[in-house]
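The values are calculated or read from the model by the stated rules, or taken from the named source; none is laboratory data. Small disclaimer: the values here were computed from a predicted structure and weren't measured. Neighbour counts run over all protein chains shown; Cβ positions are idealised from the backbone, glycine included.
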Amino acid sequence: MSWETVIGLEIHVQLSTDSKLFSGGSTSFGAEPNTHVDLIDLGLPGVLPVANRGAFHKAIRFGLATNAKINQTSTFDRKNYFYPDLPKGYQITQMALPIVGKGSIKIEVDGEEKIINITRAHLEEDAGKSIHDLFDGETGVDLNRAGTPLLEIVSEPEIANAREAVAYFKAIRQIVTFLDICDGNMAQGSMRCDVNVSVKKSDDIELGTRAEIKNINSFKFIEKAINFEIDRQIRILESGDSVVQETRLYDSVKNETRSMRSKEEANDYRYFPCPDLLPVVISDKELKEIKDNLPELPDEKEKRYVEELNLDLSEAKIIASSKTMASMFEGACAKTNDSKLVANWLVGDISALLNKENIDIDESNLTSDNFAKLIERISDKTISGKIAKSVLEEIWETGNDVDQIIESKGLVQIQDESLLETVAQTVIDNNPSQVDAFKGGKDKLFGFFVGQVMKETQGKANPQSVNKILKRLLS
Amino acid sequence: MSIQYKSIAELKKMLNNNEISNAELIKETFSLVKSNAEINAFITLNDEESINKANKLDDCPSSGSLAGIPIAQKDLFCTKDLKTTCGSNMLSNFIPPYSATVVKNLENAGCISIGKTNMDEFAMGSSNETSFYGKVQNPWGKNLVPGGSSGGAAAAVAAGIVPAASGTDTGGSIRQPASLCGVTGIKPTYGRISRWGMIAFASSLDQAGPIARTAEDCATLLNEMCSHDEKDTTSLNEDIPDFTENLNSPINGLKIGIVKEFDLSKLDNEVVKVFEESKKHYESLGAEFIEISLPNISLSVPTYYVVAPAECSSNLSRFDGVKFGKRCESPKNLEELYIKTRSEGFGDEVKRRILIGSYVLSAGFYDAYYKKAQQVRRLIKNDFDSAFKSVDIIMSPTTRGPAFEVGSKGDDPIQMYLEDLFTIPANLAGLPAMSIPNGIIDNKPIGLQLIGNFLDESRLLQAAHNFQISTDWHLKTPRGIKS
């Protein structure tokens, strides 16, 4: 009998609003500790929260993009527990009536598509940060993050393995970045997840006892933590013991999960409706406005690229999967007609450069204007594809204008066929033995002659013309 | 001319006629505070700033409707740069960096906040005996409680020290002390006055209001205290009428409801007699009495003692020794920081309510207590809604009797909780309600409660004012108060 894994994810997405969920405090990252904290974030006696409507609009965008039910009336509850970085002693969250109800999202693993259902997505405020290692024997508290809006997206327990979990996380990240509701920056904690893992015998109907691994913030660690946890639980079950329901932490240094607290030690959060906040009601008009302004999502882009721009499916997929890639593609296509060529360059040379430096395209020196110009210069035969590569490298280094690079380096393609014919004749005259060998049947030597002509012209010769001329002269 | 026992209307006249300067008014106020220090009505005085403000007003008169009028602020309203303790050791060192909206509203109208009044700790109590800063004496008798939780506020007005005080009313904390001290107080409709800067006890019930010598003064104060505040989402976005406008309109034809379920036969004969006399007086003014039924009213006290502690247990979690307020000495670890800080910082009554609240919200008990209480609350609200289809206002005694002796109910929280039997329903339903003096029993004042329909404060004030211009109960003053 084989073991079957059941995984559910709770992903916390930090919404990119300017101000916090219940206060005017700034949400920007990296400020001096406790400088982005107002009276409300501090939980001073007498202060009251006011819900940030912008956060609701962002949550609704997510709901619409995942075909979810939008609860036009949603409410807030208090989750009560003590912790120094939780200023009020409770977190305001949406327990009973979340803004986003049931939805779903498509994932792909090894070319296989699968739908993962989403139970709900609710708004809540983030806590601050406890800093344990800066003060001898004491803990520091930084409340800059306290009150930052989070969208907690809860999946159904329908994920079968670590790779699916990663694919699901990536799909969520893709959607939230396309919707412009989160910057997707995992290193800064803009997306984190809790993973619920259980294993059961394949023919068992009931789910096994689960463990929850808290607060993982990288694709790699999600995969490793899940795989560790699956092995651990199977080992326990095979030895005849039972898994304890508990909260665990993943230690990325030791690559293991460790018990944090058991169910018995778990807090009783004493949820109840937050009496300081009235239900938030979203009007039909408001909802329609959000719907009408929803951006095109990856699936739709992919389809349009193939059907309208004649891209190959594989290219379309790669370009549509990243928001910055897609916007570079669309930006360039708006200024040049050869969308296929734009796609080739993006998926080919540009992707290679990005991978080499491990950066995102919007972090590079390439702008869509300059990129379009590069494509234009290839199309109008000002430069050859080969020269274009060196121009691209130059842009990569300096960000200089394509025409300026071509002119200053004298890279304009030689189109003059009589000039090229003179060069080709010289090459033939200077290499009699190769000519003999070629004529004797060594066809591969044709490339040698092309190379020599290119060398003589510093690569500026139009390759099609060179081919044509050499074929004629060598026949 | 003495300012003691003067109403706002009278003081305004004195100021306008230059019978007294602003500075003299404030100085005399502080001299009354000092000569009556044993009443212990104040926790913190704002003398220096008050005198400065009064001097400024003398130099440069203001057009504010309450310019120069001294007011005592209950010590649960945050006052910028002025210590705000909420009657608790926990906040014995708390100086807020901001002021409550209602404080700002009053000060913008020209009021001078002369100090912070004593109160039951975190507004939990009906006798002012739970204050960390000592009991407040009822001006009508050294051994009598002033009621609570706005005990200091009611006592300061009753002793004629200030013409007005701000209070808050979660289950009767304005009306009950007003009744026991022989002064007038109103709790408006929930949401009329912003809760921003009011230290929360039970958020869904807490409502600020004025305590003063007359209904007319209460109306004047309400005009300034009420506002729609974007900082408080439960603040009502409704037109605020001029509450003084209809005060003098006669009330003939006013339909007054008498609650069948309030069994007055269990009350002291004298209390019933006072109530019956007030009814007769209202009849003589042209009002008509109609018996109404509020079938679920008997569930008010138990409902309240689930909802209020539940909210308080959560609201008071922020007092953990981490960010503000008191912190215990050298805790060994985080858990000890919490336990010692909260054990030392809170008094017994606050602890009792936090425990009750935590219990009724805990897993497995939530449905049986909190959820059920919310359902009953809705039923009580519905009872009032249907009653107000046939009456304009509802009338009852404010309290079961006049002021009781200090310590007489200390051992029995249930007896103390029943003090608010008549006042709690209006909080649960969010309705405006007030108390006006309507009799004296054994030299102790007692009050009459008027409950109004949603947003119908004007009619309550009109009924109260009509009573006061034809009776003199509100003009009675205690004996033995120092001038």
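A few notes on this one:
- Among the residues of the range B:14-69, the ones that are free of Cβ contacts under 8 Å to residues at least 24 places away in the same chain, in a loop (DSSP other than H, G, I, E, B) and more than 23 Å from B:Asn105 (Cβ to Cβ) come to 4 in all.
- The range B:313-330, residues that are in contact with a Lys or Arg (Cβ under 8 Å, 6 or more places away or on another chain) and within 11 Å of chain A (Cβ to nearest Cβ): B:Ser313, B:Ser314, B:Ser317, B:Arg318, B:Phe319, B:Asp320, B:Gly321
- For the range A:360-377, the tally of residues that are without any contact (Cβ under 8 Å) to a residue 40 or more places away in the chain and in a helix (DSSP H, G or I) stands at 8.
- Enumeration of residues in the range A:36-94 that are within 10 Å of another protein chain (Cβ to nearest Cβ) and of a type in the set (S, T, N, Q): A:Asn80
So that you can scan it fast, the table gives a plain yes or no per residue for (1) farther than 16 Å from B:Asp392 by Cβ; (2) modelled with pLDDT of 95 or more; (3) in contact with a helix residue (DSSP H, G or I) (Cβ under 6 Å, 6 or more places away or on another chain); (4) not in a loop (DSSP other than H, G, I, E, B):
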position	(1), (2), (3), (4)
B:Pro425	yes, yes, yes, yes
B:Asn438	yes, yes, yes, yes
B:Phe454	no, yes, no, no
B:Ser458	no, yes, no, yes
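- Conditions (1) under 15 Å from the mean Cα position of the chain (by Cα); (2) more than 30 Å from B:Ser7 (Cα to Cα); number of the one not met by B:Gln207: (2)
- Selected residue (criterion: surrounded by the most Cβ atoms within 10 Å (Cβ to Cβ)) from residues of the range B:38-90 that are within 13 Å of another protein chain (Cβ to nearest Cβ) and of a type in the set (D, E, K, R): B:Lys74
- The residues in the range A:2-38 that are without any contact (Cβ under 8 Å) to a residue 24 or more places away in the chain and assigned to a strand (DSSP E or B) can be counted, and the count is 1.
- Of the residues screened, B:Glu344 is not one that is touching a Gly at 6+ places or on another chain (Cβ under 7 Å), among the charged types (D, E, K, R) and either over 18 Å from B:Asn138 (Cα atoms) or at pLDDT 95 or above (or both).
- Taking the listed residues B:Ser126, B:Ser149, the one that is closer than 19 Å to B:Leu448 by Cβ, in contact with a helix residue (DSSP H, G or I) (Cβ under 9 Å, 6 or more places away or on another chain) and more than 14 Å from chain A (Cβ to nearest Cβ) is B:Ser126, with no other qualifying.
- Residues that are over 26 Å from the mean Cα position of the chain (by Cα) and charged (D, E, K, R) were ranked within the range A:81-103; the one that is surrounded by the fewest Cβ atoms within 10 Å (Cβ to Cβ) is A:Asp85.
- Residue within the range A:303-311 that is within 14 Å of chain B (Cβ to nearest Cβ) and in contact with a Ser or Thr (Cβ under 8 Å, 6 or more places away or on another chain) present: no
- Some residue of the range A:70-90 being among the charged types (D, E, K, R), closer than 28 Å to A:Asn267 by Cβ and outside any strand (DSSP E or B): yes
- Subset of the range A:267-302 that is assigned to a loop (DSSP other than H, G, I, E, B) and touching a helix residue (DSSP H, G or I) at 6+ places or on another chain (Cβ under 7 Å) - its residue that is farthest from the other protein chains (Cβ to nearest Cβ): A:Leu297
- Meets criteria (under 29 Å from B:Ser358 (Cβ atoms) and part of a helix (DSSP H, G or I)) for A:Asp41: yes
- Taken over the range B:102-123, the criterion of being of a type in the set (Val, Ile, Thr) and either within 23 Å of B:Ala308 (Cα to Cα) or touching a helix residue (DSSP H, G or I) at 6+ places or on another chain (Cβ under 7 Å) (or both) is satisfied by B:Val102, B:Ile112, B:Ile114, B:Thr117.
- Checked against the criterion of being over 24 Å from the mean Cα position of the chain (by Cα), modelled with pLDDT of 95 or more and crowded, with 18+ Cβ neighbours inside 10 Å, the candidates A:Ile40, A:Ile60 yield just one match: A:Ile40.
- Selected residue [more than 21 Å from A:Pro98 (Cβ to Cβ) and surrounded by fewer than 13 Cβ atoms within 10 Å (Cβ to Cβ)] from A:Val306, A:Val253, A:Val281: A:Val253
- Residues (over 18 Å from A:Ile469 (Cβ atoms) and either assigned to a helix (DSSP H, G or I) or touching a helix residue (DSSP H, G or I) at 6+ places or on another chain (Cβ under 8 Å) (or both)) located in the range A:427-442: A:Pro432, A:Ser433, A:Asp436, A:Ala437
- For the condition without any contact (Cβ under 8 Å) to a residue 24 or more places away in the chain, closer than 21 Å to B:Met416 by Cα and β-branched (Val, Ile, Thr), B:Val306 does not qualify.
- Qualifying position, being within 25 Å of A:Asp380 (Cβ to Cβ) and at pLDDT below 95, among A:Leu309, A:Leu354, A:Leu313: A:Leu309
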